[in-house]
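Everything below concerns the one structure shown next.
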């Protein structure tokens, strides 16, 4: 018990000092996850809106696929990416394996289905409420999509935050394609795995507390946004 208490004490000390090694890992983690989730939002939000607005053959399959991929196993994504990016793979000539770019791609693939599914659900309601008005005013369905995303920007932001939460907590896929290289591809989740296995509990706890804090911040933001929507505040003045 005393060892655990001491580990927590040292972990708090590392957090208060914001140790250089800790800082590098946190900055890399945020850089990779923010880029991956921002890209997922840039693609996923419009795609979710398209699924809500347009009716076309195969639409139901795409919606089903987006929701089914919410539980996509990260290690499977990592394995597929490894095969694609390895030297013998079709994308091996780009030299992306064991780089932060490969890790961002893995997180992007995991976050994208979440953003699409949540965006589709949110934009369905917005289209139901405002679609006829937009069409009557002369906007085509395609031109209406930016307006829908603007009207429902709070729920769209919730979808983007959910994608970020998925990205920042990922370990399996990025461990496979990133290699957990110190100072280069070592993120919070992969470092926690390594430091725990090596018995460096204080450092692992410091990273864990930092990750928990980020996760709580993301969840709190999402809940605050949802609460604001439920209270019926005008989204334009948010």
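How many percent of Cα pairs in region 2-237 exceed 27 Å?
44
Between the alpha-carbon centers of region 17-56 and region 132-151, tell me the distance in whole angstrom.
26
Test of understanding: what is the full-extension gain from residue 150 to residue 54, defined as 0.36 nm times their sequence separation minus their Cα-Cα distance?
Contour length minus Cα-Cα distance gives 32.8 nm.
Can you order the peptides 108-114, 141-147 by their average number of other Cβ atoms within 10 Å per residue, highest first?
Packing order, densest peptide first, comes out as 108-114, 141-147.
Taking the convex hull of the Cα atoms, report for region 88-202 its projected area averaged over all directions, in nm².
For region 88-202, the mean projected area of the Cα convex hull comes to 10.4 nm².
Hey, what angle do you get for helix 59-68 against the long axis of the chain, alpha-carbon based, 0 to 90 degrees rounded to 10?
Helix 59-68 sits roughly 20 degrees off the main axis of the chain.
Taking the chain as the reference, fit the longest principal axis to its C-alpha atoms, fit the long axis of helix 153-168 to the helix C-alpha atoms, and give the angle between the two in degrees, 0 to 90, nearest 10.
Computed tilt is about 30 degrees.
Treating the angle as unsigned and between 0 and 90°, give the value, to the nearest 10°, between the Cα long axis of helix 201-230 and the longest Cα principal axis of the chain.
The angle comes out at about 20 degrees.
Report the relative contact order of the chain, percent, no decimals, based on alpha-carbon pairs under 8 angstrom and at least 6 residues apart.
Normalised by residue count, the contact order of the chain is 31 percent.
First measure r as the distance between the Cβ atoms of residue 64 and residue 42, then evaluate 1/(1 + (r/R0)^6) with R0 = 22 Å and state the FRET efficiency to the nearest 0.05.
According to the calculation, E is roughly 0.40.
Coordinate-derived values only; no laboratory data. Note that the structure is predicted; figures quoted are calculated from it, not measured. Don't worry about glycine lacking a Cβ; one is built from the backbone with ideal geometry, like all the others, and counts go over all protein chains shown.
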